[in-house]
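This report refers to the structure that appears directly beneath it.
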Amino acid sequence: MNHARLKEIEKKVIAGERLSSAEGEFLFSPEVDFHAVGELANLVRNRKNGNLAYYNINSHLNPTNVCEFRCGLCAYSRDAGDPDAYVMSQDDVVRRGREADAAGCTELHVVGGANPDLPFEWHREAVRSLHDSFPRVHIKAFTAVEIDWFARRSGKSVETVLHELIAVGLGSMPGGGAEIFAENVRAEICPRKADGATWISVHRTAHRLGLRTNATMLFGHRESYGQRIEHLIALRELQDATGGFQAFVPLSFHPENTKFADLRQPTAAENLRTTAVSRLMLDNFDHVKAYWVSLDVGTAQVALAYGADDLDGTVRHELIHHAAGSVAPEALTVERITQLIKEAGREPVERDSLYRRVVREGADWRAEE
Ligand code: SF4
């Protein structure tokens, strides 16, 4: 029975037909061999991206870990006044930008806590000074949760906040904060921050303004397989409407140091199956990332045969997943990341934030149009 149903799904995948919610949920069921799901995802991945596997040279910048939402899922945030709470100064931000630029980074990934002492104008100034000082470095900044928070704090609309950020150099948005859209799960893991409908609405507005964004799904905590599929379908529907998403990033939950420390971390098989099912359900997304900080390096490498076509980047200064117990290295060198890709039988391509091929000559680089 399972075999016949999998065969039917295989026929649809080969024909390029869209899978239903029920089919997606079936692919999560433990009775279905996850290698078989991976093979189907690999077909789609190869159809979309050939043998290429992307990476970029990037640095993270987390201006503050003080956050008024204090989500149960989060090991990174602190209350103001905690001994290890921190807030960067604008000089710190520029210093970090200088370091990234000197290291050849093409992208700064900027996300942080919702710190009540840092108004929207502080964040806008940070983007402006980074962009003015290092104009060739793409600024991918602020989750939809932060954008919604800036809007509520400043009394401005989401559209105005985004307009003002684009005007000073915002290049694109990351996909964080999506977690799982199901409200009963959010009530447990992140009850106070923007809900799923708000996350979708912020990205819809960003796409309308011409910003490309990413999307994520945090899995492996309290959610059901059905809720994972609902999440993926909500993303697929928005992508149908706007076409503004670039990449989907499945994020494996790290329970250590969170309110859910008693949960077991998803296994490699679960990480690979979730990557594969995501690739199969999100037929209108060009790219699926295997974010090695979240999946771990070995699983991310194998995920290049389970639907993923992108290892994310070298990732200097990652704090958020490491706070939750990620044992992945602090950063990968370009040599290491390209070796991982080649060993997986793929052709490495350095990309910029908009998936243009990067060509380097000495310390200089340019993105091919
Ligand atoms: Fe704040 Fe984000 Fe952590 Fe929630 S997950 S507490 S919004 S930093």
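What follows is calculated from the coordinates using simple rules that are stated; it is not laboratory data. All of these numbers come straight from a predicted model, not from anything done at the bench. Counting neighbours? That spans all protein chains shown, and the Cβs are built from the backbone with ideal geometry, glycine included.
Quick notes
- The range 309-369 - charge dipole about Cα centre, Lys and Arg +1 at Cβ, Asp and Glu -1, debye rounded to 20: 60
- In the distance distribution for the range 1-147, Cα-Cα pairs more than 26 Å apart total 52 percent.
- Exceedance of the 31 Å cut-off in Cα-Cα distance is limited, within the set LYS48/LYS140; LYS12/LYS193; LYS259/LYS289, to LYS12/LYS193.
- In Hz, Karplus ³J(HN,Hα) per residue of the range 127-144 (6.51, -1.76, 1.60; θ = phi - 60°; x = Gly, Pro): 5, 4, 5, 5, 5, 5, 7, 9, x, 7, 8, 6, 9, 9, 9, 6, 5, 4
- Farthest positive-ward along the range 251-369 dipole, Cα basis, beta-carbon charges - from THR267, ALA328, ALA300: THR267
- For ASP309, ASP364, ASP352, order by how many other beta-carbon atoms lie within 10 Å, fewest first: ASP364, ASP352, ASP309
- Working note: Cα atoms of the chain, range along each principal axis, descending, whole Å: 61, 50, 38.
- Given charges at beta-carbon only (K, R positive; D, E negative), |dipole| of the chain in Debye: 520
- By the beta-carbon count within 10 Å of each Cβ, the least crowded to most crowded order of MET217, MET173, fewest first, is MET217, MET173.
- Partnerless cysteines in the chain, where a partner means another cysteine C-beta under 4.7 angstrom, comprise CYS67, CYS105.
- Selection from THR314, SER154, ALA36 lying farthest towards where the dipole of the chain points positive, charges on Cβ: ALA36
- Compactness of the range 94-223 - radius of gyration and Dmax, Cα, Å: 15.0, 45
- Proxy reagent accessibility, fewest Cβ within 10 Å first, across TYR355, TYR76, TYR55: TYR355, TYR76, TYR55
- From the C-alpha gyration tensor of the range 163-242, square roots of 5λ in Å: 25, 14, 10
- Cα Rg, Dmax, the range 216-369, angstrom units: 16.1, 50
- Most mobile listed residue (ALA197, ALA144, ALA268) in the chain, GNM with C-alpha springs under 10 Å: ALA197
- The range 43-96 versus the range 338-369: alpha-carbon centroid distance in Å: 22
- Within straight-line cross-link reach of LYS11, aspartates and glutamates at Cα separation under 16 Å, skipping those fewer than 8 residues along the same chain: GLU23, GLU39, ASP283
- Calculated diffusion of the range 201-266, Stokes-Einstein form, Kirkwood radius summed over Cα pairs, 10 °C and 1.306 mPa s, µm²/s: 119
- Dipole magnitude for the range 170-263: about 300 debye, using +1 per Lys or Arg Cβ and -1 per Asp or Glu Cβ, origin at the Cα centre.
- Calculated log₁₀ intensity ratio I(q)/I(0) where the Debye formula runs over C-alpha points of the range 94-139, q = 0.15, 0.19, 0.26, 0.27 Å⁻¹: -0.39, -0.59, -0.94, -0.99
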